[in-house]
Amino acid sequence: DTAVSQTPKYLVTQMGNDKSIKCEQNLGHDTMYWYKQDSKKFLKIMFSYNNKELIINETVPNRFSPKSPDKAHLNLHINSLELGDSAVYFCASSQKRATNEKLFFGSGTQLSVL
Amino acid sequence: AQSVSQHNHHVILSEAASLELGCNYSYGGTVNLFWYVQYPGQHLQLLLKYFSGDPLVKGIKGFEAEFIKSKFSFNLRKPSVQWSDTAEYFCAVRLADSWGKLQFGAGTQVVVTP
């Protein structure tokens, strides 16, 4: 069973389009994240939700909007896609008050904007 | 500005060789330190972490890391690598009071040849 699953795995789209990436975790965690890995392989946090509440919102264009319908899901909507949005997007989850504080990552969504 | 630097982008070594991957960070204040690993085709997963106490931390699969506060470093080591250690290794840092805001280095691709 996949702990953190995100779909789609690959997403190729044209500039200006609106797209969504979905993420689900079955670990019972209360916190979920979106990370962006750029062409230089740096992983940067974008958003984090704890119990459906936004707790981390880094400097990200407002074309990016996370939506958490429940603790197990955190979707990422991107409007008016730009070339610079091409990257690999990773979803992750963790349990905020667990002593382990370990992040579990999804397998990534490679977004290519043409 | 806060940053995490991994010195080597690619490392190639033979089985049974010793491995050391460098990680330096630029943060003021108390930090929590992590090494994550991504095996080919798999998710990012936690290798080991340091929060406090003994600066020499042992993780899974025979890996260890040493926190040297004066050098702002958290280098990863393994005395004798195996072919199965071929993976990408990411150092990550966060301020101890900024739960969730994990900042990753650019990663080091390690290839172990038989």
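For segment A:61-96, how many residues are over 23 Å from B:His43 (Cβ atoms) and either touching a helix residue (DSSP H, G or I) at 6+ places or on another chain (Cβ under 9 Å) or charged (D, E, K, R) (or both)?
Final tally of qualifying residues: 3.
For the condition away from chain B (no Cβ under 13 Å) and either more than 12 Å from the chain's Cα centre (by Cα) or surrounded by fewer than 19 Cβ atoms within 10 Å (Cβ to Cβ) (or both), what is the one hit in A:Leu83, A:Leu27, A:Leu54? So that I can check it myself, show each step before the final result.
Values: A:Leu27 fails: away from chain B (no Cβ under 13 Å); A:Leu54 fails: away from chain B (no Cβ under 13 Å).
That would be A:Leu83, the only listed residue that is away from chain B (no Cβ under 13 Å) and either more than 12 Å from the chain's Cα centre (by Cα) or surrounded by fewer than 19 Cβ atoms within 10 Å (Cβ to Cβ) (or both).
For segment B:49-74, give me each residue that is closer than 18 Å to B:Val111 by Cα and surrounded by 15 or more Cβ atoms within 10 Å (Cβ to Cβ). Lay out the reasoning, then the answer.
Start the filter on segment B:49-74 by keeping residues that are closer than 18 Å to B:Val111 by Cα, which leaves B:61-63.
Within segment B:49-74, just B:Phe63 meets the criteria.
Kindly establish whether A:Val4 is closer than 21 Å to B:Phe104 by Cα, at pLDDT 90 or above and either crowded, with 17+ Cβ neighbours inside 10 Å or not small (Gly, Ala, Ser) (or both).
Against the criterion (closer than 21 Å to B:Phe104 by Cα, at pLDDT 90 or above and either crowded, with 17+ Cβ neighbours inside 10 Å or not small (Gly, Ala, Ser) (or both)), A:Val4 qualifies.
Checking A:Gln37 against (1) more than 28 Å from B:Gln2 (Cα to Cα); (2) touching a strand residue (DSSP E or B) at 6+ places or on another chain (Cβ under 6 Å), which test does it fail?
(1)
Which members of segment A:32-42 meet the condition of being at pLDDT below 90 and out of contact with any Gly (no Cβ under 8 Å at 6 or more places or on another chain)?
A:Asp38, A:Ser39, A:Lys40
Within chain B, which strands (runs of 3 or more DSSP E) (wholly inside it) include 1 or more residues that are within 15 Å of the chain's Cα centre (by Cα) and away from every other protein chain (no Cβ under 13 Å)? If you could, list the steps in order and put the result at the bottom.
Values: elements: B:3-6, B:10-14, B:19-21, B:23-26, B:31-38, B:44-50, B:56-58, B:64-68, B:73-78, B:87-95, B:108-113.
The qualifying strands (runs of 3 or more DSSP E) are B:10-14, B:19-21, B:23-26, B:31-38, B:56-58, B:64-68, B:73-78, B:87-95, B:108-113.
Which one of the conditions (1) closer than 24 Å to B:Lys101 by Cβ; (2) surrounded by 13 or more Cβ atoms within 10 Å (Cβ to Cβ); (3) polar (S, T, N, Q) does A:Ser39 fail to meet, given that it meets all the rest?
(2)
The values are calculated or read from the model by the stated rules, or taken from the named source; none is laboratory data. Please read all numbers here as calculations on a predicted model, not as lab measurements. Quick reminder, even Gly has a Cβ in these numbers, built from the backbone with ideal geometry, and neighbours come from all protein chains shown.
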